[in-house]
1. Which one of 193, 74, 162 has its Cα pushed farthest toward the positive end of the charge dipole of the chain, where Lys and Arg give +1 and Asp and Glu give -1 at the Cβ?
2. Under the 0.36 nm per residue contour assumption, what length would be gained going from the current alpha-carbon distance of residue 6 and residue 23 to full extension?
3. List residues of region 47-75, by number, whose backbone nitrogen lies under 15 Å from a label position 7 Å along Cα→C-beta of residue 190.
4. Let me test this: with uniform point scatterers at the alpha carbons of region 71-171, what is the Debye-based log₁₀ I(q)/I(0) at q = 0.17 1/Å?
5. Can you pull the one-decimal nm distance between simple spin-label points at residue 81 and residue 121, each 7 Å off the Cα toward Cβ?
6. Please report, in whole Å, how far the alpha carbons of region 1-131 spread along each principal axis, starting with the longest.
7. Using a 10 angstrom Cβ neighbour count of at most 15 plus a DSSP loop assignment to flag exposed GluC sites (Glu not before Pro), which longest range of the chain is free of such sites?
8. Could you please report the charge total around residue 90, scoring K, R as +1 and D, E as -1 over all other residues with beta-carbon less than 9 angstrom from its beta-carbon?
Amino acid sequence: MGLQLIPYNTKYNFVGKKNIIFSLLLALALLCVGSIFVQGFNYGIDFKGGLLLEVRTPGAADLSKLRHDLSQMVEGEVSLQEFGSPRDVLIRIERQPGGDAAQLKTLEKIKTSLGSGVEYRRADMVGPKVSADLVNNGIYAIIWSLVAMLVYIWFRFEWQFGVCSFLTLAHDTLILLGIYSLFHLEFNESTIIAVLITVTYSINDTVVIYDRIRENLRKFKKNADCRAD
């Protein structure tokens, strides 16, 4: 016999506790909204702008040493990520105080520090305008995905189901964004992807539940008609 954490034939009155659950969810949603408007997000380099470099080192890159050396040289956040192979490193550095001239000067300092044996496959400056566009595009992607899900549910089921599914998706999205704001987690392009994936899984669960509800409504309606006859 397999592992059974919940005893067989266990019954719990979830519907009877709905007011308590709804109150907790509402309080959590309000907390997340308050944090988003008051504290905001801890935007990563993708949204704040800065320097972006893809380098290939002669041997396996020592990320800890690279991060320490670069942190001593620049101001703000330094992010390093290995990709492809241990020799390939993606370096993100927060935008430095000053204009484009300051960014170019910082870039030259980084190249000098890394040495001549490093191959530079990419070296870009992400400006404030590009960062603002990324923020706006991320917001639009989330909003339009919610609207598309609303339309899909509306046509597949009934308008009441569409409204409920929209509220559910909005709640799930709000809670996820609120967690990033409350705990001051880095908000970057990966976060947008995570939100969209959450919306996808949430709507999948919603469709499964609504299918069962519609099936039960039809079955109970037939039973009621039979009794009436």
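A short reminder: the numbers here are calculations on the coordinates, not readings from a lab. Predicted model only: the values in this text are computed from it and were never measured. Every residue, glycine as well, gets a Cβ built from its backbone with ideal geometry; the counts of neighbours run over all protein chains shown.
1. 162
2. Values: separation 17, 0.36 × 17 = 6.12 nm, distance 2.64 nm.
Separation in residues times 0.36 nm, less the Cα-Cα distance, equals 3.5 nm.
3. Taking a point 7 Å out along Cα→Cβ of residue 190, the residues of region 47-75 whose backbone N falls under 15 Å are 47.
4. -0.85
5. 1.4
6. 70, 46, 24
7. Working: sites that count: 75, 158.
Here the longest run is 76-157.
8. Values: positive: 92, 122; negative: 54, 82, 88.
It works out to a net charge of -1.
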